[in-house]
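J.: Dumping the structure here so I can ask a few things about it.
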Amino acid sequence: MKLTKRALKILFFVFISLETVTSFGQVPPPGKYDTTNYPEDRAFINSISNIFDPSLSLNDNSISIGADGSIAYGLEEEFQKFARNGMTFKSVESVPGTELVRIFNGQTAIKTKVANVVFSTPEGDLHFKVIRAETYIKDNGKWYFVLGQGTNFMTQEEFDEYKKAHTTKP
């Protein structure tokens, strides 16, 4: 069977896409987690990409831990933290294939993903890649964001360099 140039290009693109998701997406092993229960709830939680929407916060009862380790108790404090650092939230986009939602007893959900986050600053846009963990609870039939934590994403090469620069001999 002979493949056309177009077919080879498509196969190459598919291969690169799958390798990118595997190496940068940190995809869990197939079948390890239940990813089918509560399909309607799962679809709603997967649709949430901007946790800074006040309608998703139960009485502003959320806690966020930033990639820098800072803690904000509620959305107002989160926005104040951004302002102190000269930043305004601009966007967040999940890396395709990295979102995983697990729902427990129909009332609690944990969502993990790798995300590209952008903030506006006076010097220009500031880009972060973070590994996010978000916790949601269901109250009176509605899902609310209650806890989020982001960790700066590093490739293995970046971690190796960081480790060299920050390891001391006893």
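J.: For the stretch 49-170, what D do you get in µm² per second when you plug the Kirkwood radius from alpha-carbon pairs into Stokes-Einstein at 20 °C and 1.002 mPa s?
T.: Once the numbers are plugged in, D ends up at 135 µm²/s.
J.: Can you flag which of LYS32/LYS129; LYS111/LYS164; LYS111/LYS163; LYS111/LYS169; LYS90/LYS113; LYS90/LYS164 are past 27 Å Cα-Cα? Present the calculation step by step, with values, prior to reporting the outcome.
T.: Numbers: LYS32/LYS129 25 Å; LYS111/LYS164 32 Å; LYS111/LYS163 29 Å; LYS111/LYS169 38 Å; LYS90/LYS113 18 Å; LYS90/LYS164 34 Å.
Table pairs above 27 Å Cα-Cα are LYS111/LYS164; LYS111/LYS163; LYS111/LYS169; LYS90/LYS164.
J.: Here's another thing I want to ask about it. Classify the stretch 72-114 as rounded, prolate or oblate from the Cα gyration tensor: take a ≥ b ≥ c as the square roots of its eigenvalues, call it rounded if a/c is under 1.5, otherwise prolate when a/b beats b/c and oblate if not.
T.: Values: a/c = 4.65, a/b = 1.65, b/c = 2.82.
The shape class here is oblate.
J.: Let me ask something else. Mind checking the per residue accessible area of the stretch 49-170 for me, 1.4 Å probe, whole number of Å²?
T.: 59 Å²
J.: Can you give me the % of accessible surface on the stretch 75-170 that is carbon or sulfur? Probe 1.4 Å, all protein chains present, nothing else counted.
T.: Details: 3120 of 5880 Å².
Its accessible area is 53 percent carbon and sulfur atoms.
J.: Let me ask something else about it. Under a straight-distance cross-link criterion of Cα-Cα below 18 Å, which aspartates and glutamates are reachable from LYS81, leaving out those fewer than 8 residues away in the same chain?
T.: Straight-distance partners of LYS81: ASP53, ASP60, ASP68, GLU123, ASP125.
The values are calculated or read from the model by the stated rules, or taken from the named source; none is laboratory data. Given the structure is predicted, the values throughout are model-derived calculations rather than measurements. The area values use the complete protein model at the heavy-atom level, side chains included, leaving out ligands, DNA and RNA. Shrake-Rupley method; radii C 1.70, N 1.55, O 1.52, S 1.80 Å.
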